[in-house]
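Quick notes on the structure that follows.
The values are calculated or read from the model by the stated rules, or taken from the named source; none is laboratory data. All values derive from a computational prediction rather than experimental measurement. Cβ: placed from backbone, ideal geometry, glycine included. Neighbour counts: every protein chain shown. Accessible surface areas use protein heavy atoms only, side chains included; no ligands, DNA or RNA. Shrake-Rupley method; radii C 1.70, N 1.55, O 1.52, S 1.80 Å.
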Amino acid sequence: MEALAYGNSSVHGLLQTAEYARALFSMRQPSYPQEEIERGVAARMARQAIFERSPAPTLGFVLEEVVLRRPLGGRMVLRRQLEHLLAVSELRNVTVQVMPMGLEEHAGIDGEIQVLKFKDGTAVGRSEGAFGGRPVSDPKQVRILDLRCGMIRAQALTPRESTAFIEHVLGET
């Protein structure tokens, strides 16, 4: 399996620490009851078992620079989140890239995108700005999302540049 994800408002759920996820769930309005927040955090953490699968799926993430600088949950939560991103980016099957704020053109301007490609050749995708935000499996529609993901990845910093960038931001926090 191969998964590609672009996010523009927060760190992708598969990359979140429990503290960061808890902060995000706690910010939702109307507010969630504490037990619902904890269920959401537990579910999000359980999904991270994907990193331990064998064979490991190929996972690619592109995060907006602003996501790495916004101290959701506080500076220490952000600091631990950045440290976690660096650790996850060291996994051989994971690619983390940063989309810098200074770009004059941006293929991801329509919002989040996810594309999942399966071994049998099928795929499914979703984008906030395409197809009414609904999941799609029609090959032509998935191809559009896949091409958009490719453009986003090409416009983002390389994985090595992204690691250096995240380390720099971590040094600022």
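Odds and ends about this structure:
- Accessible area expressed per residue, the chain, with surrounding protein chains retained (probe 1.4 Å, Å²): 54 Å²
- Net charge contributed by nearby residues that have their C-beta within less than 12 Å of residue 73 (K/R +1, D/E -1): +4
- Given their separation in residues at 0.36 nm each and the Cα-Cα distance between them, residue 88 and residue 122 gain 9.6 nm when the chain is fully extended.
- With a cut-off of 11 Å between beta carbons, the residues surrounding residue 142 carry a summed charge of +3, where Lys and Arg count +1 and Asp and Glu -1.
- Modelled FRET efficiency - R0 22 Å, residue 26 with residue 46, Cβ distances, 0.05 increments: 0.70
- Computed extension gain for residue 34 through residue 164, at 0.36 nm per residue and net of the alpha carbon distance, reaches 43.1 nm.
- Across the chain, the convex hull enclosing all Cα atoms gives 123 Å³ per residue.
- For residue 112, solvent-accessible area (1.4 Å; no DNA, RNA or ligand), Å²: 40 Å²
- Ranking 98, 86, 131 by Cα position along the charge dipole of the chain, where only Lys, Arg, Asp and Glu carry charges on their C-beta atoms, puts 131 farthest toward the positive end.
- Close amide H partners of residue 95, meaning residues 5 or more places away or on another chain with modelled amide H under 5 Å apart, are 59, 60, 61.
- Carbon/sulfur fraction of accessible area - the stretch 1-125, other protein chains in place, 1.4 Å, %: 53 percent
- Solution diffusion estimate, µm²/s, Stokes-Einstein, the stretch 100-144, Kirkwood Rh from C-alpha pairs, 10 °C, viscosity 1.306 mPa s: 138 µm²/s
- Annotation for the stretch 146-166 versus the stretch 1-51: alpha-carbon center distance of 22 Å.
- Per the Debye calculation on the stretch 78-173 with a single equal scatterer at every Cα and no solvent contribution, log₁₀ I(q)/I(0) for q = 0.14, 0.21, 0.23, 0.25 Å⁻¹ amounts to -0.64, -1.09, -1.16, -1.21.
- Here the extension length gained between residue 1 and residue 137 equals 47.4 nm, from 0.36 nm per residue of separation less the Cα-Cα distance.
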